[in-house]
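So the structure is just underneath, and the comments pick up after that.
The values are calculated or read from the model by the stated rules, or taken from the named source; none is laboratory data. Being a predicted model, the structure only gives us computed values, none of them experimental. Cβ atoms come from the backbone with ideal geometry, glycine included; neighbour counts cover every protein chain shown.
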Amino acid sequence: MVSKNTIKLIKSLALKKNRIKQNLFLVEGDKNVSEVLVSQFNVENLLATGTFLENNSSLLNKVKLVTEVTKLEIEEASLLKNPQNSIAICKLPKTEDFPEKIESDLCIYLDDIQDPGNLGTIIRICDWFGINQLFCSPKTADFFNPKVIQASMGSFCRVETWYTLFEPVASHARKSGIPILGAFLDGKNIYEQKLPKQALLVLGNEGNGISSAIENKVEQKIRIPEFNHNQASAESLNVSVAAAIICSEFKRQNYFPDYSK
């Protein structure tokens, strides 16, 4: 049975200030919960139906407290509109030391991405394309927002993420001879450019794009060309969609250089 205090705690973890105060974050959705059970994160309390516990019995050895609940209790406690069979309350990890160098052939800096769904999707995109270093500006959505976790579909367990001002990341790039690229509406067509084997890619805020301060440090502006030439068309692409397209072209050029365009 789920206590009223536990339900209250779960609801409170929707807010960052409460996550920090409680030193906890929430993971929902059976895919995400299954992923966190085999990750480096510490699961303090797992609330799950008997069916979920039976199907994942081999993954429960690291869980501090396991509480079997009914589907109705999950629905009462959940933050989701369509909850599944499990909720994990996890301890916030210690902040990782800032990396000494950029190791990925492609890494990303997010300049004030506000929408948690966009951040979670970008984390998932990084995981898909083998990008294991993601840097976020201090004003980017919180990595441990339940909506970010939900949208990442388990990829939050595998993509290392740091919140930092841009200059330390840019400094690492310059020292390593890694060019800094940024996505702009007036950039050069990515399909007509020879993209570098290593790069730091900057993606900007949903409404305002890349800030002028960071724009001044970008060495090459790139864009995804628009193929609809009608007067009435989309003004821009969603930032997570743009991230997927750009990452795909980077990887295509580096892994399939002989493939005809």
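Within the range 218-239, is there a residue that is modelled with pLDDT of 95 or more, of a type in the set (S, T, N, Q) and under 19 Å from residue 132 (Cα atoms)?
Within the range 218-239, none of the residues are modelled with pLDDT of 95 or more, of a type in the set (S, T, N, Q) and under 19 Å from residue 132 (Cα atoms).
Please go through the range 172-197 and give me each residue that is surrounded by fewer than 19 Cβ atoms within 10 Å (Cβ to Cβ), modelled with pLDDT of 95 or more and within 16 Å of residue 103 (Cα to Cα), ordered by number.
Passing the criteria: only 179.
Among the numbered conditions (1) outside any loop (DSSP other than H, G, I, E, B); (2) touching a helix residue (DSSP H, G or I) at 6+ places or on another chain (Cβ under 6 Å); (3) within 16 Å of residue 86 (Cα to Cα), tell me where residue 2 comes up short.
(1)
Hey, could you check the range 92-117 for residues that are of a type in the set (Ser, Thr, Tyr) and closer than 24 Å to residue 199 by Cβ and say which is modelled with the highest pLDDT?
Of everything passing the filter in the range 92-117, 109 is modelled with the highest pLDDT.
Would a scan of the range 220-232 turn up a residue that is in contact (Cβ under 8 Å) with a residue 60 or more places away in the chain and either of a type in the set (Asp, Glu) or more than 23 Å from residue 95 (Cβ to Cβ) (or both)?
So far as the range 220-232 goes, no, none of its residues is in contact (Cβ under 8 Å) with a residue 60 or more places away in the chain and either of a type in the set (Asp, Glu) or more than 23 Å from residue 95 (Cβ to Cβ) (or both).
Condition check: under 23 Å from residue 115 (Cβ atoms) and out of contact with any Leu (no Cβ under 7 Å at 6 or more places or on another chain). Does residue 185 satisfy that? Talk me through it step by step, then tell me what you get.
Values: under 23 Å from residue 115 (Cβ atoms): yes; out of contact with any Leu (no Cβ under 7 Å at 6 or more places or on another chain): yes.
Spelling it out, residue 185 is indeed under 23 Å from residue 115 (Cβ atoms) and out of contact with any Leu (no Cβ under 7 Å at 6 or more places or on another chain).
Sort out which residues of the range 222-256 are among the aliphatic types (A, V, I, L, M) and assigned to a strand (DSSP E or B), and write them in order of number.
222 - this is the single residue of the range 222-256 that is among the aliphatic types (A, V, I, L, M) and assigned to a strand (DSSP E or B).
All but one of (1) surrounded by 18 or more Cβ atoms within 10 Å (Cβ to Cβ); (2) modelled with pLDDT under 95 hold for residue 26; which doesn't?
So the condition that residue 26 fails would be (2).
Of all the strands (runs of 3 or more DSSP E) wholly in the range 50-157, which have at least 1 residues that are of a type outside the set (Gly, Ala, Ser) and out of contact with any helix residue (DSSP H, G or I) (no Cβ under 9 Å at 6 or more places or on another chain)?
Where strands (runs of 3 or more DSSP E) fall fully within the range 50-157 and carry at least 1 residues being of a type outside the set (Gly, Ala, Ser) and out of contact with any helix residue (DSSP H, G or I) (no Cβ under 9 Å at 6 or more places or on another chain), they are 65-68, 86-91.
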